[in-house]
Each structure stands twice: as C-alpha cells, then as structure tokens.
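Colleague: Next up is a structure, given as structure tokens.
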Amino acid sequence: MDPTVPITDPLPWYIAGPLLGLFVPAMLLLTGKEPGVSSSFRHACAVLPGAKAVSYFNYNVLKDGLWQILFVVGILLGGTLVQFGLGGAGVPLLLAGNLTGLGLLGLFAGGLAVGFGTRWADGCTSGHTISGISNLSLSSVVASACFVIGGTAASLVDRFVFGGLVP
C-alpha cells in the first residue's frame, strides 16, 4: 500500500465486521473489561467543575473511568487521523447543510436525543449489538432487533416521504 495515496474507500464489511467482532473478546481477555462508549459520558461529566455536588458523579473518576475516557479519546484521535491524515475514506466530515445555524442546531438536538436514548436503553446501538450479543444478553438481542427495525422504518420514511438523501 502506497502511503502517499489517500484511503478513498472504507474497509469492506467482511474485513471490518470480523475485526470489530474479534476486538470485544480480545479486549475482555487482555484487560478484563468490555468496550463501552456511552457509559464514558458519565466519566467525562464527572470531571467537570461542580460535578461532585451530584451524587451520581461523586466517585473516583481516575480509578473507575479513566480507561473509558482514554478509549473514547483514542476513537476520536483515530477518526481524526483517518479524516485528515489518510484522506477521510471518501466520507466528508460534515455535510455542507450541517454548517448552517439550523444544521448545527439539528446536530445538537440529534446528539441530545441519542444521548438520552443511550442512557434510557442502558447502552448504545453498537454496545448492545457488539458487546451485548457477544455476551448472549437477551435484552441486547431485543434492543438490536429494535434498532434494525427502527432504522429501516426511519430510512423508508426518509426515502419515500421526504425524498431521502439519495435520489
């Protein structure tokens, strides 16, 4: 592979999927921990000034949550490296419509909705689907089925009611 040529395509599913699938047991075997991103939001909030006044955030973040914060920082740095150092895999960082005031407000509102849903469901889509199913968790199987059904329904509504992104 020529390092001067940018990556223009994401990894194929048959490579990326098994790599993700093998990551969960590898991390569990090597560290005794399961990867999780949504619960790291609690740790990030716990380091904010005044957070210790709320009992939910009153714990030793460096002992209990530092590894998750570093995990998320690694994900962000890896994504930044791909976007700016390796050509972005052909995916724009932000669509032009998201750079408007209304677009940024929509991104913020979407982030709030995802954050609320993640805590309500006790985990995010990837956490339930990758980690939960690998642990044979029935609630994660049900949650993942609901994610697929909900995503399919939303895509169909977007495509046939609103015209969708792809004509």
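The values are calculated or read from the model by the stated rules, or taken from the named source; none is laboratory data. Here the structure is a predicted model, which is why all the values come from computation and not from measurement. Backbone-built Cβ (ideal geometry, glycine too); neighbour counts: all protein chains shown.
Colleague: For the range 113-124, which residues satisfy the criterion of being surrounded by fewer than 16 Cβ atoms within 10 Å (Cβ to Cβ), at pLDDT below 85 and part of a helix (DSSP H, G or I)? Explain how you work it out, then say what you get.
Modeller: Looking only at the range 113-124, we keep the residues that are surrounded by fewer than 16 Cβ atoms within 10 Å (Cβ to Cβ), and these are 113-117, 119-120, 122.
Within this subset, residues satisfying the condition of being at pLDDT below 85 are 114-117, 119-120, 122.
If the condition is that a residue be surrounded by fewer than 16 Cβ atoms within 10 Å (Cβ to Cβ), at pLDDT below 85 and part of a helix (DSSP H, G or I), then Val114, Gly115, Phe116, Gly117, Arg119, Trp120 are the ones that fit.
Colleague: Further question: Out of the range 68-78, which residues are of a type outside the set (A, V, I, L, M) and surrounded by 14 or more Cβ atoms within 10 Å (Cβ to Cβ)?
Modeller: Our first condition is that a residue be of a type outside the set (A, V, I, L, M); within the range 68-78, this holds for 68, 71, 74, 78.
Passing the criteria: Gln68, Phe71.
Per-residue answers, yes or no, for (1) under 25 Å from Leu11 (Cα atoms); (2) touching a Phe, Trp or Tyr at 6+ places or on another chain (Cβ under 9 Å); (3) in contact (Cβ under 8 Å) with a residue 40 or more places away in the chain:
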position: Leu102; (1), (2), (3): no, no, no
position: Ser126; (1), (2), (3): yes, no, yes
position: Thr129; (1), (2), (3): yes, yes, no
position: Gly150; (1), (2), (3): no, no, no
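One line per residue, one yes/no per condition, for (1) assigned by TED's automatic domain parsing to the domain that holds Tyr56; (2) among the β-branched types (Val, Ile, Thr); (3) surrounded by 12 or more Cβ atoms within 10 Å (Cβ to Cβ); (4) not in a helix (DSSP H, G or I):
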| residue | (1), (2), (3), (4) |
| --- | --- |
| Ser126 | no, no, yes, no |
| Ile130 | no, yes, yes, no |
| Ile133 | no, yes, yes, no |
| Ser140 | no, no, yes, no |
| Ser144 | no, no, yes, no |
| Ile149 | no, yes, no, no |
| Thr152 | no, yes, no, no |
| Leu156 | no, no, no, no |
| Gly163 | no, no, no, yes |
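Colleague: Here's something else I'd like to know. Which condition does Leu48 not pass, out of (1) surrounded by 11 or more Cβ atoms within 10 Å (Cβ to Cβ); (2) of a type outside the set (Ser, Thr, Tyr); (3) part of a loop (DSSP other than H, G, I, E, B), if it passes all the others?
Modeller: (1)
Colleague: Within the range 3-38, track down each residue that is surrounded by fewer than 11 Cβ atoms within 10 Å (Cβ to Cβ) and modelled with pLDDT under 75.
Modeller: Within the range 3-38, Pro3, Thr4, Val5, Asp9 qualify.
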